[in-house]
Amino acid sequence: MKKVIMFLALCFLVILTVACGPREQALRPLPNATKGHTMDAYINVETGSIDNWLNRPDVVYIDLRMFHDPAKFYTLPVAPPHGSSLTTTIEGFTIFPLPYIVNLPILPVPNGFIGKSLFSVTWGPNRAISNLVVNFPQSMEILEFHFPKDTAIFLMCGGGGYSSAMAALLIYLGWEDQLVFNVGGNWFYDGDYSIDLIIRCENGEPKFDAFGRIKLAPWRVRVIDLDFSNKLASLPNASPNPKCPFGIDLNINISTIDKWLFRPDVAYFDLGKLRDTAQFPTPNLHTIIAGFTVVSFPFIGTVEIPVPGAYRGTSLFNIDWIMTTTTPAQNTFRINSVTANFEESYQFLVDTFPQDKAIFLVCGAGGYSAHLRALLVYFGWDASLIFNVGSRWTYGGNFSFDITLRDATGVHILDAQNRIQNDFKRFNYILINFDELTPLI
C-alpha cells in the first residue's frame, strides 16, 4: 500500500511539473529587450529559450508572416522547402502579417508583397527609417491596440527579417525598445510548442491547392485580418432591419463592425451595465469592442425589456414606451412620451452623443441600443446617423477587449462579494452621478 501511495504521489508531482512549467516561468521578471531591432540575445527562437517565456499575461505574441507570401523565401538556403507559406507557428502567437502594417524594406528575394498597408516608410540601410506616412486615419489606433505600448511584445517571422522591420517601426514611433523583442525566425524553431497549420491527407502528406501551394488551416490560430476596403469609405445611412425586433442595422452590424472601427467621423458607445440586474445570459460586462465608450443605458432612461430583473432605479428620463408585437417587423421601440427627471438630463445627451457625426451603438443583445436610438431620434437627432450595431455577445472579430482587473499572473481579482472587478484604467466609462444633479420631481 505504501508503494502505491508513493507511486501515485510521484505521478501527481510529474503531472504538476508538466502542467505548471510554463506558468512557473511566467512569474519570472522579463529582462529588457536587446537594444535596437536585431534578434534578442536572451529570448529567441533559435536557441529554444522562447519556450521558457510563453503563455505570459504580460506579453503580446505576434507572428508577422503571411499565410502565402508572394516573396520567394523558399529560395533561401536557410529556408524550408515551403518557406513562403506559414506552415507552423508557436502556441500563443497571433498572426498579423507585416506587409499589411507597413511597406516592406528591400528583401533578399524577389516578388515581395506590394499592396495597401497602414503605414508607408522610407527604408534605409540596417532598417533605418527616414520618413513615415500614415495611410489611414485609423492606422495608429489599430497599431496601438494590437501592439500596446505598456506591454512586452514578442515579434517572430520566418527568418527574422520581418520581425526586425516591425521592431524598427515600433521604436521609430515611440515604443520603448526595452519592451520590443525580436525573437527571431520560426524556421529554426525546435521547441515543444509548435502548431502545425498544414492540412494533410490521411497518410500525413500535405494537401495542395489549385496554385500548387500547401493548404493551410488558419482557424487553428488567431489571425488579425485587416480589411482596407472601408477605411476611408463614406458611411452609408443607417438602415434598421425591419424584420429584426431591435432594428439592428442591415449594413453596419456586429458581423461587419471591424471594417468600420477607429473612424474620426464616428462616436462609439457600449450601453451595457457593468453589473446588470436583468437576468441576461451574461449580465456582467467583462469585454468590450476596442474604441467603444461605456455609458449604461438603464441610467439614461426607463428600460422596456421582457427579461426578469430589469433595472428599475433612478434614470435621467422616464420613458413611456409603445411596444407593438403583432409582427416581428412592428416589434420596435417607439416612444409615447418622455419626462426628464433632472434639470441636466437633456444636456447630458447633448454633451455625450454628438449630432454632427455618426453614432454606433452596441450592447449585449441589441435592446439597449434600440432604446437609445429611439430616444435620440425622439429628441431630434438625425436617424440616418444612428446605427444599432447589435449584439456584443455574438462578436467574433479581431478587436475584443478584456476590461477585467487581473493580477500579474492573469488571474481575476474579485471584490468582497466574489465578483470579477473591472479595470477602469483600460477603458472609457461615463459615470452618471445622480447625487450631483438637480431633481425636477
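The values are calculated or read from the model by the stated rules, or taken from the named source; none is laboratory data. Fair warning: this is a prediction, and the values are worked out from it, not measured in the lab. Don't worry about glycine lacking a Cβ; one is built from the backbone with ideal geometry, like all the others, and counts go over all protein chains shown.
Computed quantities for the displayed model
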quantity	calculated
Boolean, Pro281 is surrounded by fewer than 21 Cβ atoms within 10 Å (Cβ to Cβ), in contact (Cβ under 8 Å) with a residue 60 or more places away in the chain and either assigned by TED's automatic domain parsing to the domain that holds Leu431 or touching a helix residue (DSSP H, G or I) at 6+ places or on another chain (Cβ under 8 Å) (or both)	yes
Criterion violated by Pro148 - all others in (1) under 17 Å from the mean Cα position of the chain (by Cα); (2) not in a loop (DSSP other than H, G, I, E, B) satisfied	(2)
Hits in segment 173-193 - residues which are surrounded by fewer than 15 Cβ atoms within 10 Å (Cβ to Cβ) and either over 27 Å from the mean Cα position of the chain (by Cα) or among the hydroxyl-bearing types (Ser, Thr, Tyr) (or both)	Asp190, Asp192
Residue match in segment 127-145 (condition: modelled with pLDDT under 90 and more than 19 Å from Phe228 (Cα to Cα))	yes
Segment 339-375, residues that are in a helix (DSSP H, G or I) and aromatic (Phe, Trp, Tyr)	Tyr346, Phe348, Tyr368
Positions within segment 67-83 being in contact with a Phe, Trp or Tyr (Cβ under 7 Å, 6 or more places away or on another chain), within 18 Å of Arg213 (Cβ to Cβ) and surrounded by fewer than 21 Cβ atoms within 10 Å (Cβ to Cβ), in sequence order	Pro70, Ala79, Pro80, Pro81, His82
Residues that are without any contact (Cβ under 8 Å) to a residue 24 or more places away in the chain and either closer than 30 Å to Asn253 by Cα or in contact with a His (Cβ under 6 Å, 6 or more places away or on another chain) (or both), drawn from segment 397-414	Leu405
Which listed residue is touching a residue at least 12 places away in the same chain (Cβ under 8 Å), over 22 Å from Ala290 (Cβ atoms) and in a strand (DSSP E or B), from Gly184, Gly191	Gly184
Those strands (runs of 3 or more DSSP E) lying entirely in segment 225-338 with at least 2 residues modelled with pLDDT of 85 or more and under 29 Å from the mean Cα position of the chain (by Cα)	266-270, 287-289
Members of segment 380-416 found to be within 20 Å of the chain's Cα centre (by Cα), surrounded by 14 or more Cβ atoms within 10 Å (Cβ to Cβ) and of a type in the set (A, V, I, L, M), listed by number	Val389, Ile403, Leu405
Pairs where the first residue, in segment 111-128, is within 19 Å of Ala71 (Cβ to Cβ) and the second is basic (Lys, Arg), C-beta under 7 Å, 6+ apart	Asn111/Lys72
Segment 415-441 residues that are under 23 Å from Phe353 (Cβ atoms), paired with ones that are among the acidic types (Asp, Glu) (beta carbon under 6 Å, 6 or more apart)	Leu437/Glu344; Thr438/Glu343
